[in-house]
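Participant: Structure below; questions to follow.
Read-outs throughout are calculated quantities, based only on the coordinates presented, and are distinct from any laboratory measurement. Worth saying up front: this structure is predicted, and the values here are computed from it rather than measured. Positions of Cβ are generated from backbone atoms using ideal geometry, with glycine treated the same way; all protein chains shown enter the neighbour counts.
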Amino acid sequence: MSTQFGDYLRARRETLQTADPRFSIRQLASRLQVQPSYLSKVERNEQAPPSEATILALAAELGEDPDVLLALGGKVSAELRAVIMRRPKLFAALIRELETLPDHAVLRIVREVRDGNW
């Protein structure tokens, strides 16, 4: 993804703010328990993306997929790290193989694994 975390965050927040003033930078920062100036710097890509906990709170506030926001922030959730660490070689090989597959093929694999249709 070429979009920077801050750009994505600002665009989403401003879109929500047009319909709901609760998404002003000050009000959102207050709910996240961060300083508005900090959040503003994150949105302007002048500050590195926040911690996993803050990104998860942002995702909840903004109605976003937490894994997408974490990925945009260059992070992987602790939950996924734990899964990968149980079998690192297998997951590394799997991810490398999936990298070049089209989305529909990856979705088919996910459905087969989820549904147990081997």
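Participant: Which residue, ALA11, ALA93, ALA71, tops the fluctuation ranking in a GNM of the chain built on C-alpha contacts under 10 Å?
Facilitator: The residue with the greatest mean-square fluctuation here is ALA93.
Participant: Also, quick follow-up: When Rg is the radius of gyration of the Cα atoms in the chain and Rh is its Kirkwood radius, what does Rg/Rh come to?
Facilitator: Working: Rg = 17.2 Å, Rh = 16.2 Å.
In the chain, Rg relative to Rh is 1.06.
Participant: Let me have the 222 nm mean residue ellipticity of the chain computed from DSSP H runs of 4+ only, each contributing -39500 (n - 2.57), with the sum over all residues rounded to the nearest 500.
Facilitator: Numbers: 8 runs with 82 residues, N = 118.
For the chain, the value works out to -20500 deg cm²/dmol.
Participant: Translational D (Stokes-Einstein, µm²/s) of the stretch 1-51 at 4 °C and 1.567 mPa s when Rh comes from the Kirkwood sum over C-alpha pairs?
Facilitator: Values: Rh = 11.0 Å.
Result for D is 118 µm²/s.
Participant: Cut-off 10 angstrom, C-alpha nodes, Gaussian network model of the chain. Which of ARG12, ARG31, ARG87 fluctuates the most?
Facilitator: Checking each option, the largest mean-square fluctuation is seen for ARG87.
Participant: Still on this structure, I have one more. First select every other residue whose beta carbon is under 14 angstrom from the beta carbon of ALA60; then total the charges, Lys and Arg +1, Asp and Glu -1. Mind dumping the intermediate values first?
Facilitator: Values: positive: ARG12, ARG13, ARG22, ARG31; negative: GLU52, GLU61, GLU64, ASP65, ASP67.
After counting each charged neighbour, the total is -1.
Participant: Suppose every K and R has +1 on its Cβ and every D and E has -1 on its Cβ; what is the size of the dipole of the chain about the Cα centre, in Debye to the nearest 20?
Facilitator: On the way: 17 positive and 16 negative charges, 60 e Å.
Dipole about the Cα centre, nearest 20: 280 debye.
Participant: Exposed loop sites here are GluC sites (Glu not before Pro) in DSSP loop states with at most 13 other C-beta atoms within 10 Å. What is the longest stretch of the chain lacking them? Intermediate values should be presented prior to the final figure.
Facilitator: Values: sites that count: GLU46, GLU99.
Value returned for the longest uninterrupted segment is 47-98.
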